[in-house]
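S.K.: Dropping the structure in here first, questions after.
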Amino acid sequence: MKLYSICFQFSLVFSIAFISGNTIGQTSNLDKVDQYLQNYHSSIPVPGFSIVIVEGDEVIFSKGYGKELLGKSQPMSPHSILNIGAVGRGFTALAVMQLVEKGVLDLDTPITEYLPWFRTANKEYSDMITLRMCLSNTSGIPPQYESLPELEATNSSENFVRTFRSFFIKRKPGLSHEFCDEGYSIAGLVISKVTDISYAEYIHQNILLPLEMKKSAVGSEMASSFEIIDGHEMGLSQCYPASKPRTDPNFIAAGSEIYSSTSDLGKYMTVLLNNGKYQNRQLLSATSIKELFKSNTSFQGLGTMLGGNGIDIGYALGWMEMEIENRNILIHTGNNGNVGSIIGVNRDKNQAFAMLFNADVNRLDRVEYPGMENTVNNVIHIINGEKTTDFGVVRDNQVFEEDYRLPEVKRHKYIGQYQPFGEESPLFKDMNLEVILNEEGIMELIARQEQTFKGQYELEFTNESRAILRSIAQPREIQFSIYPDGFVGGLFMFGSEFKKVDKIDGHRLKEVKSSDKKLSFLLPKNVEYEWSENRLKTTLKEYANASLEITVAELKSQSFESHIQSKLKGQDINRKGVVSKASIKEGLWTEQSVITEDGGKLYQYIFAFYQDPICGKQMQLTLSNTWGDFSSELLDVLQNIQKSVAFGK
């Protein structure tokens, strides 16, 4: 069966046509697949998705459902391009196996053979790590979920992997599974080192071009020529168009910046089904395809309460191996919070499928909506003339009525703004929360990343300090921090702490802009200051006469170390704190505390740089006072600068 698409001037219509060799039964099954997917789309709050099904070397079904963007007319189609997330891991594994076949790489040779400088904090363990371990999530490297911004594009991936020297591996590599993008970052760098071209260029030349994947791209630069669907955020009862998401190029080999369409993924799956061959091109040998699909480790499978069978899931090289209703399925999913993807190979029937969603279906409430596993499993059933099942559907879906109701007189205590406190989780970078009382008298929590909407939830209290977040997404529990006097001081969500901000705090701060209007940050309103060209210098009289100096300079015009040396010239250094780094907005925040001695007195300095590689500027900050006079209020001044600092684009 082949798919033909007819393009009209004002609309795009996709129709399914069948070649004469197909039986009536096969045609009927495909019609049933189409009807099933139409019903599925109408049952979920996702604006659109696309699907492709391949059998042997032929695409037998390809279609889009819904719209590319909520509120717009453009239909979702097999040519719609989305970020495929961790599904892109398969491309990295395929690339490694190509180089293994050429004798350039070996799966079981230590990484240090290709990157002699590679190490973690415990070198005896990092010396054991191999490409097989990197690709099968058994390296033991602890996942970090984000990397610090790179101030220069050259050697960015190498600089990132070099930071692993501070990571401590807690278990012997090769023994157990832990999902880890850092392993793929290593593999991507190895590919680049042994081929002398970038990872993105290698994938483009050796996978995308031979497979004629013209609607696919690796890296933001290559993807800039395409219209990428950014996806949707989840609200109370529907999705909302998302802003362009932040991507981390250091995780490109794990899928952070790999984009494709289901029409292109159909070509990729043809290689997997046909022993590495696409049309008359041999991309990989049959032996290497088997190696890709061979499990190296396993982890706990989908439990019976979630509709699964509890059988462990194997992890191969960029693929997961699942036993689903007596079928062996190779599968992988991907997501970035705004889109979702799934790809699978049914080796028993020599079939494969891929689905791309313009919302993260992995986040949907599984009690209310079927999981992706249920959908793809039933598509496989229908296409083979079998009955659908409830695999992947939550079976223990009894709803318990909560007796507790938060008294109306206490609601006002929770209403307000909540800001991250302490060490931020990468999941909540630059996130702010707000608890409100809507017009119907229902308490809601709204999440924003800076000013961008990231989600909306009803608060269902189970007691005075605990509440369930309810929306179309999976329900989550949060805990409020309540002081003995009844004051609500903050909340804990997903392991991160947020501090409640008094509305008065906002009135105590003012925006400060540099003389060229490029730099902005917040200072207390009672602080008097004056800019002299690119430098602000002031005495914080309300804070024990601490001194604050801020300078705007060109990026990397002065190093952090030389800046400290110039400020401490002639003083004896008593001791130094550790240098800490953090990702703030699009830039890098570097900070260190130093104690000096001068004339028998001790002084404390805090030095900080904020460097924005996009604007090519850096802010250099020095905050100083006599030892012992650094109050929590003074540290709040620094924290407000850190959270609010920004360079205008």
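The values are calculated or read from the model by the stated rules, or taken from the named source; none is laboratory data. Please read all numbers here as calculations on a predicted model, not as lab measurements. Glycine gets a Cβ as well: all are built from the backbone with ideal geometry, and neighbour counts include every protein chain shown. Protein only, heavy atoms only, side chains kept; ligands, DNA and RNA dropped before computing areas. Shrake-Rupley method; radii C 1.70, N 1.55, O 1.52, S 1.80 Å.
S.K.: Starting from the stretch 404-424, take each residue that is at positive phi and list its partners that are part of a strand (DSSP E or B) and open to solvent by 60 Å² or more (accessible area, probe 1.4 Å), counting only C-beta distances under 7 angstrom and pairs at least six apart or across chains.
M.R.: Close Cβ pairs satisfying both conditions: G422/E497.
S.K.: Given (1) touching a Phe, Trp or Tyr at 6+ places or on another chain (Cβ under 9 Å); (2) at pLDDT 95 or above; (3) farther than 22 Å from V361 by Cα; (4) open to solvent by 10 Å² or more (accessible area, probe 1.4 Å), where does M222 come up short, assuming only one miss?
M.R.: With (1) touching a Phe, Trp or Tyr at 6+ places or on another chain (Cβ under 9 Å); (2) at pLDDT 95 or above; (3) farther than 22 Å from V361 by Cα; (4) open to solvent by 10 Å² or more (accessible area, probe 1.4 Å) applied to M222, the lone miss is (2).
S.K.: Right, something else. Specify which of the listed residues (G337, G310, G318) is in contact with a helix residue (DSSP H, G or I) (Cβ under 8 Å, 6 or more places away or on another chain) and modelled with pLDDT of 95 or more.
M.R.: G318
S.K.: Starting from residues that are assigned to a loop (DSSP other than H, G, I, E, B), among the hydroxyl-bearing types (S, T, Y) and in contact (Cβ under 8 Å) with a residue 40 or more places away in the chain, keep the ones in the stretch 225-245 and report whichever is surrounded by the most Cβ atoms within 10 Å (Cβ to Cβ).
M.R.: S243
S.K.: Would you pick out the residues in the stretch 541-574 that are assigned to a loop (DSSP other than H, G, I, E, B) and touching a Gly at 6+ places or on another chain (Cβ under 7 Å)?
M.R.: L555
S.K.: Take the residues in the stretch 506-540 that are open to solvent by 90 Å² or more (accessible area, probe 1.4 Å) and in a strand (DSSP E or B), then tell me which one is farthest from Q639 (Cα to Cα).
M.R.: Once the filter is applied, the top-ranked residue is R535.
S.K.: Test V637 against the stated conditions and say whether it is in contact with a helix residue (DSSP H, G or I) (Cβ under 9 Å, 6 or more places away or on another chain), over 25 Å from Y145 (Cβ atoms), touching a residue at least 40 places away in the same chain (Cβ under 8 Å) and surrounded by 19 or more Cβ atoms within 10 Å (Cβ to Cβ).
M.R.: Yes: the conditions hold for V637.
S.K.: Kindly indicate the residue of the stretch 435-472 that is over 30 Å from Q642 (Cβ atoms) and among the basic types (K, R) and also surrounded by the most Cβ atoms within 10 Å (Cβ to Cβ) among those meeting that condition.
M.R.: Here the residue is R470.
S.K.: Right, something else. Under 8 Å between Cβ atoms, which residue pairs at least 6 apart in sequence (or on different chains) link something in the stretch 361-386 that is under 17 Å from M322 (Cβ atoms) and aliphatic (A, V, I, L, M) with a partner that is in a helix (DSSP H, G or I) and open to solvent by less than 40 Å² (accessible area, probe 1.4 Å)?
M.R.: The qualifying pairs are M372/V361; V379/V33; V379/L37.
S.K.: Inside the stretch 346-398, can you point out the residues that are part of a helix (DSSP H, G or I) and among the acidic types (D, E)?
M.R.: If the condition is that a residue be part of a helix (DSSP H, G or I) and among the acidic types (D, E), then E373 is the only one that fits.
S.K.: Out of everything in the stretch 519-561 that is touching a strand residue (DSSP E or B) at 6+ places or on another chain (Cβ under 9 Å), at pLDDT below 90 and among the basic types (K, R), what residue ends up being farthest from W589 (Cα to Cα)?
M.R.: K525
S.K.: Against the definition (within 19 Å of the chain's Cα centre (by Cα) and either part of a helix (DSSP H, G or I) or farther than 30 Å from N362 by Cα (or both)), how does N250 come out, yes or no?
M.R.: Here the answer is yes, as N250 does meet what is asked.
S.K.: Related question: Please identify the pairs in which a residue from the stretch 448-472 that is closer than 18 Å to K413 by Cβ and part of a loop (DSSP other than H, G, I, E, B) has its Cβ atom under 7 Å from the Cβ atom of a residue that is modelled with pLDDT of 95 or more and open to solvent by 50 Å² or more (accessible area, probe 1.4 Å), counting only partners at least 6 apart or on another chain.
M.R.: S465/Q479
S.K.: Taking the criterion of being part of a strand (DSSP E or B), in contact with a Ser or Thr (Cβ under 7 Å, 6 or more places away or on another chain), within 18 Å of I442 (Cα to Cα) and open to solvent by 10 Å² or more (accessible area, probe 1.4 Å), would at least one residue in the stretch 480-497 satisfy it?
M.R.: No: the stretch 480-497 contains no residue that is part of a strand (DSSP E or B), in contact with a Ser or Thr (Cβ under 7 Å, 6 or more places away or on another chain), within 18 Å of I442 (Cα to Cα) and open to solvent by 10 Å² or more (accessible area, probe 1.4 Å).
S.K.: Please work out which one of (1) open to solvent by 50 Å² or more (accessible area, probe 1.4 Å); (2) at pLDDT 90 or above; (3) among the small types (G, A, S) is the condition A359 fails and give its number.
M.R.: (1)
S.K.: While we're looking at this one, here's another question. Given the conditions (1) among the hydrophobic types (A, V, I, L, M, F, W, C); (2) under 22 Å from the mean Cα position of the chain (by Cα); (3) open to solvent by less than 70 Å² (accessible area, probe 1.4 Å), report the number of the one that V194 does not fulfil.
M.R.: Of (1) among the hydrophobic types (A, V, I, L, M, F, W, C); (2) under 22 Å from the mean Cα position of the chain (by Cα); (3) open to solvent by less than 70 Å² (accessible area, probe 1.4 Å), only one is false for V194: (2).
S.K.: For residues in the stretch 399-427 being part of a loop (DSSP other than H, G, I, E, B), under 20 Å from V501 (Cα atoms) and open to solvent by less than 50 Å² (accessible area, probe 1.4 Å), which is modelled with the lowest pLDDT?
M.R.: By that ranking, first place goes to S425.
S.K.: I'm checking my understanding of the structure. Among residues of the stretch 586-607 that are touching a Pro at 6+ places or on another chain (Cβ under 9 Å) and either open to solvent by less than 50 Å² (accessible area, probe 1.4 Å) or modelled with pLDDT of 90 or more (or both), which one is nearest to S624 (Cα to Cα)?
M.R.: Here the residue is L588.
S.K.: Taking the stated definitions as given, is A553 open to solvent by 40 Å² or more (accessible area, probe 1.4 Å), among the small types (G, A, S) and touching a residue at least 24 places away in the same chain (Cβ under 8 Å)?
M.R.: no
S.K.: Here's a follow-up. Of all the helices (runs of 4 or more DSSP H) wholly in the stretch 152-205, which have at least 3 residues that are farther than 16 Å from A93 by Cβ and in contact (Cβ under 8 Å) with a residue 60 or more places away in the chain?
M.R.: So the answer is 156-162.
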